[in-house]
1. Which of A:Val100, A:Leu126, A:Thr27 sits closest to the plus end of the dipole of segment A:3-200, meaning its Cα is farthest towards the positive end, when Lys and Arg get +1 and Asp and Glu get -1 on the C-beta?
2. For A:57-70, what's the mean count of beta carbons from other chains sitting within 10 Å of each residue's beta carbon?
3. What ranking of A:Asp71, A:Asp104 comes out by heavy-atom accessible area, probe 1.4 Å, highest first?
4. Using 0.36 nm per residue of separation minus the Cα-Cα distance, give me the extension gain between B:Glu218 and B:Gln91 in nm, one decimal.
5. Using modelled amide H (1.01 Å from N, peptide plane; none on Pro or chain starts), what sits under 5 Å from the amide H of A:Asp71, excluding residues fewer than 5 places away?
6. Rounded to the nearest 20 Debye, what is the dipole magnitude of chain A about its Cα centre when Lys and Arg each give +1 and Asp and Glu each give -1 at the C-beta?
7. Using a Förster radius of 41 Å, what is the FRET efficiency between B:Ser52 and A:Thr42 based on their Cβ-Cβ separation? Nearest 0.05, please.
8. Let me cross-check B:Phe47: its accessible surface, 1.4 Å probe, with only protein heavy atoms counted, in Å² to the nearest 10?
Amino acid sequence: MAFINPKTKEVQTKIVYYGPGRGGKTTNLEYIYKKFNQRIKTDMVVIKTHGDRTLFFDFLPFDIGKIKGYDIKIQLYTVPGQVKYDATRKLVLRGVDGIVFVADSLVVRREKNILSLKNLRDNLSLYKKNISDMPLVLQYNKRDLAEQGIPLLPLQTLEQDLNSQLKVPSFEASALSGTNVAQTMKKIVLMTVASLQKQLI
Amino acid sequence: MVEEKNGSITIEVEQRLDELFGDSDNSSFDHSSHHPEFEDCSEALPFRELKSAVLSIDWEITDDAINRFIKQLNEIKSGYSKNKIIINMIQILNSLAVYLKINKGRAHPNTMKVLKSVFSGLEKVALSKKLSESEKKKTLFVEVEKFKELKQQIIALKADKAKKTEAKPTEETKSKVKETQETHSDSTIHMISEKAYRSALEDIKKFIKVEFDKLRKELNMHSS
């Protein structure tokens, strides 16, 4: 649940980028940070462990300014995708308001996408949250690799595997080149704000 | 997307997001946007594979990831055997990979930074068409310096660890000392008991001799 401070008129929303390891979650945040740093005037925090590997999470906060007198602060998080870091994922999901599920379009990652989505469903249930009630956007990443002859999952397959029940907005994207990175983020912010407003009314 | 009663806020949020993140990317997919600085895609493919291996190692240092990285390095090496700058960079990357394979999580924390930096240099030198020969040499020089600096840091770290080990006995050393002391005290006990055994044996011998002497005397008395 978002943090709302009526005294300071501040709303903090937490959006988590979830998905299988090496799917491009950090690359999404890095792109947003590099591309819009001048406008959003923030710092990206990367929590790393020994050996300089990203094992914990990345954090990108930014302010979208005052809306109806409230200062809206957005916090973007990523989680480590590898199976063994489930404890970290659970922790980062605490108090989540919106989720971007970054799926890997590579054919060889099909099963990992499905398992990761199941893992998200399970971890949300720990906080008594249902994935179907949560603002959620799917991003099918690495679509640019098709041009290099690397076999990718067709969109229909990705939709069938991941979105046949959820029926949430989805985007084809390339986090590396930035294609649809901001669109994905804008969509989840809008959905999250709308959902928060619904809950507060 | 949003219900009408929420409309005004979401419209405002949407406008604000467009101001902050507008004109950023294409809603239709743009294939040509990938690595525009690298003109030849077929040449870039082995480096893309190598980059994938670098990212795998960056994520987690495993034998599989490092072996894949070394294999990819060798493949690139065979295609650039006459290019000394590239061969030198590959050698540096190979040394770093071997060091990581041996030390894994205990490797110096700057190793991955240097590895990624040398890889970027290699990618730049091999794929950028705009780079002059002197710029390529300069890139190699910068990466060699970083590699040398890392070597010094590793040596310093090892020396520091050795000093600490000398100054403060580790648990292993402590247990070895204890073990030696125990062995020493065991052998002392063994030596003492052997001495006591010998002396007891001598006493028994003396006692038996005395008893036999007495018996002999008694027998002589009876016979006489």
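The values are calculated or read from the model by the stated rules, or taken from the named source; none is laboratory data. Fair warning: this is a prediction, and the values are worked out from it, not measured in the lab. For neighbour counting, all protein chains shown are included, and Cβ atoms are generated from backbone atoms with ideal geometry for every residue, glycine included. Heads up: the accessible areas ignore ligands, DNA and RNA and are worked out on the full protein's heavy atoms, side chains in. Shrake-Rupley method; radii C 1.70, N 1.55, O 1.52, S 1.80 Å.
1. The one lying farthest along the dipole's positive direction is A:Leu126.
2. Working: counts 0, 0, 0, 0, 0, 2, 2, 7, 5, 2, 7, 4, 0, 1.
That average works out to 2.
3. Details: A:Asp71 30, A:Asp104 0 Å².
So, going from the largest accessible area down, we get A:Asp71, A:Asp104.
4. Numbers: separation 127, 0.36 × 127 = 45.72 nm, distance 10.04 nm.
Taking 0.36 nm per residue and subtracting the Cα distance, the gain is 35.7 nm.
5. Close amide H contacts, sequence-distant or interchain: A:Glu10, A:Val11.
6. Details: 31 positive and 18 negative charges, 102 e Å.
It works out to roughly 480 debye.
7. Details: r = 29 Å, r/R0 = 0.72.
Approximately 0.90, to the nearest 0.05.
8. 0
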